[in-house]
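The values are calculated or read from the model by the stated rules, or taken from the named source; none is laboratory data. Just so you know, these numbers come straight off a predicted model, no measurement behind them. Cβ: placed from backbone, ideal geometry, glycine included. Neighbour counts: every protein chain shown. SASA here: full protein model, heavy atoms, side chains in, ligands and nucleic acids out. Shrake-Rupley method; radii C 1.70, N 1.55, O 1.52, S 1.80 Å.
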Amino acid sequence: MSKGKIVKISGPLVIAEGMRDANMFDVVRVSDKRLIGEIIEMHEDRASIQVYEETSGLGTGEPVESTGVPMSVELGPGLIGSIFDGIQRPLDSIMEVAGNNLHRGVEVSSLKRDKKWNFNPTVKVGDKVIAGDEIGFVDETEIVRHKIMVPNGVEGEITDIKSGEFTVDDTVCTIKTENGEKEISLMQKWPVRRGRPYAEKLSPDKPLITGQRVVDCMFPIAKGGVAAIPGPFGSGKTVTQHQLAKWAEADIVVYIGCGERGNEMTDVLNEFPELIDPHTGKSLMERTVLIANTSDMPVAAREASIYTGITIAEYFRDMGYSVALMADSTSRWAEALREMSGRLEEMPGEEGYPAYLGSRLAQFYERAGRVKVNGSKGEEGSLSVIGAVSPPGGDISEPVSQATLRIVKVFWGLDANLAYKRHFPAINWLTSYSLYLDLLGDWFKENVDKDWMNLRGRMMSLLQDEAELEEIVKLVGMDALSAGDRLKMETARSIREDFLHQLAFHEVDTYTSLKKQCYMMKLILNFYDKSSAAIETGVDIERIVSLPVREKIGRFKYVEENAIDSEFSATINQTEKEISALKGDDANA
């Protein structure tokens, strides 16, 4: 174990001499207060240490002790429903030890050592197992079956397996390997900066269904995909992430509050336990892990929180689960990188961010993916990452947004103007995009409707036409438009207000199935096609836009899922009747 002494202190950066035996990314304890830190640079025996706690009051000459192990997380039963800080210290355990006035150097176990879990083995003595195989499970919550897996690098024959009540560090299984007997407990450790291995990466050709129409229909994300939500203050980043956490087709949600304001994380902590998970009817916290690293916590700890969260997410992915990770927000994480880079006196890049900002972001996002996990069963797991970006003033030309956009495949650009008009989700349909569309098109055609991509394409072209026509209207007024163009404007308004606008707090409209989304597209475009034909026969546009059926099309989003088939047929028939009646009136006239 390497021991040195402090020679320089610069905010969260501490430089220590005499650390020749230490390694990069080792965890160290700084001074007699035992502050937790991590070695981020080595020059001979001088180690640059990023300290994850307040360093005021430290002095030169104080001791620094390396633990000899890299920054790691404890993975095992007890993760679900827990609230950790950026370096996986459970906030409830810290409060028990320190009370409300948190002091520095608190040492608590990430997973509770005194809690017993009921372990149910799924293998027997004599079975051959490889890394990633399940040896048993613990029912962590009513909806999460926590698989206990053979750790990476272990392979051999089961010589002993137990069942019953155990703590996370009790031995439950013994495996005879080439290098001797290996004892397995309910818990394993993994270094946060290293991605967990898998057997094979699969193509992202299945959508992560969210029930949010602007996402699923216009800009879908694949299972195992990566998306960014940049937007200015007040445009709805956090609300959008909450909706995705609640409704996305994910078995496990990992929510990282990385440098967000304390009141936002408080909202999450208060709301998530009360939110009923629509898939199971239980509390949403029964499948959620929270990493709370607020803006008033030490800046340096934000840097670790992203890695802590994604390592926990990878662990559940390795069990064969579909995991959704929300990072809110990566801009605050990049600020931590910028501060440390400045303290290390590195050559700054654009706007003072380090030159390696893009590669660090890429290392984080590339850990997402749909994979065949390790183990003899060859199960499939996925980890989808959705990162919020908070550019100052909503200006996405700044370095963090630009570096993120070069990496991610889905861009949901939030628009302050839409938010001020109370149009939520405030995702701008003209600037957003999804590069997964081509890969996912076949899935939508096979599993929802063969016309899905055609319907989506037509709606997008109508919205783009509307944007061009609006410029003309501003110059010469609505009356100068032809009847066909007036109809396009009206149909685009229907797409915006009836389809893209979605009420998160309405019990029916908060989630829309893919089948219902398809019906909604068909109703709007059917009305457009029938009206276009009527205009060609000379029917007045004013009479068409004032038809009663338009109200019915607009209210279709509030129809319960079990009534959509009959309501769809009735609305199609009513459209046909009302437009035919207009044609008949004109013919009689």
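Laid out as a table, the results:
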read-out	value
Residue under evaluation residue 105, criteria (1) open to solvent by 60 Å² or more (accessible area, probe 1.4 Å); (2) on the phi > 0 side of the Ramachandran plot; (3) in contact with a strand residue (DSSP E or B) (Cβ under 7 Å, 6 or more places away or on another chain), criterion not met	(1)
First in the range 321-338 and among the basic types (Lys, Arg), second anywhere and open to solvent by 10 Å² or more (accessible area, probe 1.4 Å) and part of a helix (DSSP H, G or I), Cβ under 7 Å, 6 or more apart	332/302; 338/352
Selection from the range 74-100 of residues that are open to solvent by less than 30 Å² (accessible area, probe 1.4 Å) and part of a helix (DSSP H, G or I)	93, 94, 98
Which numbered condition residue 163 misses (of (1) buried (at least 19 other Cβ atoms within 10 Å of the Cβ); (2) farther than 30 Å from residue 411 by Cα; (3) touching a Pro at 6+ places or on another chain (Cβ under 6 Å))	(1)
In the range 505-544, the residues that are open to solvent by less than 20 Å² (accessible area, probe 1.4 Å) and not hydrophobic (A, V, I, L, M, F, W, C)	509, 510, 512, 516, 517, 531
Subset of the range 249-278 [surrounded by fewer than 17 Cβ atoms within 10 Å (Cβ to Cβ), at pLDDT 80 or above and in a loop (DSSP other than H, G, I, E, B)]	249
Test: residue in the range 355-366 that is among the charged types (D, E, K, R) and crowded, with 23+ Cβ neighbours inside 10 Å	no
Hits in the range 545-569 (condition: touching a Lys or Arg at 6+ places or on another chain (Cβ under 9 Å), open to solvent by less than 60 Å² (accessible area, probe 1.4 Å) and either touching a residue at least 12 places away in the same chain (Cβ under 8 Å) or within 21 Å of residue 483 (Cα to Cα) (or both))	545, 549, 556, 557, 559, 564, 568
Residue under evaluation residue 457, criteria (1) over 31 Å from the mean Cα position of the chain (by Cα); (2) surrounded by fewer than 16 Cβ atoms within 10 Å (Cβ to Cβ); (3) of a type in the set (Gly, Ala, Ser), criterion not met	(1)
Test: residue in the range 13-34 that is β-branched (Val, Ile, Thr), closer than 30 Å to residue 115 by Cβ and open to solvent by less than 40 Å² (accessible area, probe 1.4 Å)	yes
Unique match (being touching a Phe, Trp or Tyr at 6+ places or on another chain (Cβ under 9 Å), among the small types (Gly, Ala, Ser) and at pLDDT 80 or above) among 281, 224, 231	231
Residue check for residue 490: farther than 23 Å from residue 570 by Cα, assigned to a helix (DSSP H, G or I) and not hydroxyl-bearing (Ser, Thr, Tyr)	no
Test set (1) more than 25 Å from residue 193 (Cα to Cα); (2) at pLDDT 90 or above; (3) hydrophobic (A, V, I, L, M, F, W, C) - residue 98 fails condition number	(2)
Positions within the range 474-504 being surrounded by fewer than 16 Cβ atoms within 10 Å (Cβ to Cβ) and farther than 30 Å from residue 278 by Cα, in sequence order	474, 475, 476, 477, 478, 479, 480, 482, 484, 493
Matching residues, the range 257-273, being of a type outside the set (S, T, N, Q) and under 16 Å from residue 332 (Cβ atoms)	257, 258, 259, 260, 261, 262, 264, 265, 268
Enumeration of residues in the range 286-297 that are surrounded by fewer than 22 Cβ atoms within 10 Å (Cβ to Cβ) and more than 11 Å from residue 85 (Cα to Cα)	286, 295, 296
Unique match (being modelled with pLDDT under 90 and under 24 Å from residue 88 (Cβ atoms)) among 54, 41	54
Some residue of the range 180-198 being in contact with a helix residue (DSSP H, G or I) (Cβ under 8 Å, 6 or more places away or on another chain), over 29 Å from residue 366 (Cβ atoms) and surrounded by 17 or more Cβ atoms within 10 Å (Cβ to Cβ)	no
Residue list for the range 376-394, restricted to those being touching a helix residue (DSSP H, G or I) at 6+ places or on another chain (Cβ under 8 Å) and either of a type outside the set (Gly, Ala, Ser) or more than 19 Å from residue 215 (Cβ to Cβ) (or both)	381, 383, 385, 386, 389, 390, 391, 394
Qualifying residue in the range 111-132 (condition: over 21 Å from residue 167 (Cβ atoms), touching a residue at least 60 places away in the same chain (Cβ under 8 Å), out of contact with any Lys or Arg (no Cβ under 6 Å at 6 or more places or on another chain) and open to solvent by 50 Å² or more (accessible area, probe 1.4 Å))	yes
Residue in the range 335-354 that is closer than 24 Å to residue 149 by Cβ, at pLDDT 90 or above and open to solvent by 10 Å² or more (accessible area, probe 1.4 Å) present	no
Tally of residues being over 15 Å from the mean Cα position of the chain (by Cα) and either open to solvent by 10 Å² or more (accessible area, probe 1.4 Å) or under 14 Å from residue 89 (Cβ atoms) (or both) across the range 298-333	8
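Conditions tested, residue by residue: (1) closer than 30 Å to residue 279 by Cβ; (2) touching a Gly at 6+ places or on another chain (Cβ under 9 Å).
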site: 94; (1), (2): no, no
site: 113; (1), (2): no, no
site: 130; (1), (2): no, yes
site: 139; (1), (2): yes, no
